[in-house]
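Report on the structure given below.
The values are calculated or read from the model by the stated rules, or taken from the named source; none is laboratory data. Treat the numbers as computed from the prediction; the structure is a model and nothing was measured. We place every Cβ from the backbone using ideal geometry, glycine too, and count neighbours over all the protein chains shown. Accessible surface is based on the protein model in full, side chains and every heavy atom, while ligands, DNA and RNA are left aside. Shrake-Rupley method; radii C 1.70, N 1.55, O 1.52, S 1.80 Å.
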Amino acid sequence: MAGKKGKKSKGGETEKKGTDVPSEREIAARIELDKLNEELSSVKMEVDRLRKENEWLKDEANRTKMESHEYLQYMSRKTQKRQSTIAALNEKNSQELEDINKDRQAIVDQYEKRKNELRNMLDTKEAEYAQATRDLQDLAEYRHIRLEQEGEIKHLEAEVERLKIEHAETLQQMKSNFLKEKVCHEEEAEMKIKQMKQKANDEAVLCLVEHTQKISEENKHLRKELLTLIRKSQALTEHKLELQSQSKALLREHQLSICYNLPTITLPSYAHHPYPDNQRFKEVTKGTH
């Protein structure tokens with residue numbers, strides 16, 4: 001193309017070399033090249049920003065993971081505290097059982113003391129009865145005293161038996177109530193611990209799942225944007241190379257036109273547009289708008 005336009009005029013006249021003034025097409029190409037360089041710098045800055053944002057997202061995910069771990073540790077400490085409370089409750093129950101045993105022993109001791117007293121009283125009464133019997137053998141008038149003493153002895157024996165049965169029933173009832181309360185407290189404490197543990201596990205799992213999904217969605221979106229920007233950057237680079245090639249060709253044509261005094265080359269309509277009629281460039285950059 002440059003060879004065809006580089007011929008001499010019909011008259012064979014030679015013209016002097018003019019000043020090296022760039023043509024309109026070259027000026028437009030340079031302006032478009034500067035714009036593309038600025039856009040490429042902007043794209044590089046955007047890529048760097050997205051990279052930093054992706055690093056921040058990774059740090060945020062690590063921080064969330066650490067917080068979840070700390071929360072699990074907190075729930076573990078709380079469970080241990082509950083277990084310590086149960087152990088303290090068991091110790092308290094053991095102490096109460098020991099107190100009950102002491103009270104029972106005290107009641108048994110009191111019962112034995114009372115029994116000994118009654119036995120001594122019975123022995124005394126039996127001695128008195130023997131004496132009375134001897135006296136009655138001598139004195140028939142005192143026979144009614146013997147009957148009264150026998151009745152009193154029977155009453156005392158019945159009282160001893162009643163106290164013995166009442167004491168056994170009281171001990172059995174206290175033991176039954178204690179066992180029921182102990183089982184009830186243990187079941188209630190175990191149920192509360194299970195509920196708290198299940199609730200803590202559910203909350204931790206739900207928190208981790210939500211953060212994981214959110215980070216995954218954000219990473220997908222960032223990868224998609226990064227891929228689009230990379231494609232746009234590649235397209236801009238290719239277009240820049242094409243413009244550089246066109247600029248060199250235009251410069252050669254301009255120099256030849258000056259050397260041979262050819263008419264100024266009129267730029268095509270697409271040269272004044274910031275983007276050439278490049279189908280591949282349009283397809284690549286279409287997704288960025």
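Just checking, which of LEU163, LEU156, LEU226 is open to solvent by less than 50 Å² (accessible area, probe 1.4 Å) and either at pLDDT 85 or above or in contact with a Gly (Cβ under 8 Å, 6 or more places away or on another chain) (or both)? Break it down stepwise before answering.
Numbers: LEU163 fails: open to solvent by less than 50 Å² (accessible area, probe 1.4 Å); LEU226 fails: open to solvent by less than 50 Å² (accessible area, probe 1.4 Å).
Result: LEU156 is the single residue among LEU163, LEU156, LEU226 that is open to solvent by less than 50 Å² (accessible area, probe 1.4 Å) and either at pLDDT 85 or above or in contact with a Gly (Cβ under 8 Å, 6 or more places away or on another chain) (or both).
Quick check, is LEU236 open to solvent by 60 Å² or more (accessible area, probe 1.4 Å) and modelled with pLDDT of 85 or more?
Working: open to solvent by 60 Å² or more (accessible area, probe 1.4 Å): no; modelled with pLDDT of 85 or more: yes.
For LEU236, the condition - open to solvent by 60 Å² or more (accessible area, probe 1.4 Å) and modelled with pLDDT of 85 or more - is not met.
Just checking, does the stretch 20-37 include any residue being open to solvent by 70 Å² or more (accessible area, probe 1.4 Å) and not in a helix (DSSP H, G or I)?
yes
Any idea which of (1) open to solvent by less than 90 Å² (accessible area, probe 1.4 Å); (2) in contact (Cβ under 8 Å) with a residue 40 or more places away in the chain; (3) under 30 Å from ALA235 (Cβ atoms) is the one LYS44 doesn't satisfy?
So the condition that LYS44 fails would be (1).
Filter the stretch 59-71 down to residues that are loosely packed, with under 12 Cβ neighbours inside 10 Å and of a type in the set (Lys, Arg), then give me how many there are.
Of the residues in that region, 1 qualify.
Take the conditions within 20 Å of THR228 (Cβ to Cβ) and open to solvent by less than 90 Å² (accessible area, probe 1.4 Å) and apply them to LEU50. Does it pass?
Here the answer is yes, as LEU50 does meet what is asked.
May I ask you to list the residues in the stretch 219-264 that are acidic (Asp, Glu) and within 15 Å of LEU50 (Cα to Cα)?
Scanning the stretch 219-264 gives a single hit, GLU225.
Assuming LEU179 fulfils every condition listed in (1) farther than 30 Å from ASN54 by Cα; (2) at pLDDT 85 or above; (3) among the hydrophobic types (A, V, I, L, M, F, W, C); (4) open to solvent by less than 80 Å² (accessible area, probe 1.4 Å) apart from one, which condition is it?
Only one criterion is unmet by LEU179, namely (4).
Would you say SER247 is within 17 Å of GLU26 (Cβ to Cβ), open to solvent by less than 40 Å² (accessible area, probe 1.4 Å), of a type outside the set (D, E, K, R) and at pLDDT 85 or above?
Judged against the criteria, SER247 is a match.
Is there any pair linking a residue in the stretch 187-209 that is on the phi < 0 side of the Ramachandran plot to one that is of a type in the set (D, E, K, R), with Cβ under 6 Å and at least six apart or on different chains, and which?
Listed by first residue and then by second, the contacts come to ILE193/ARG82.
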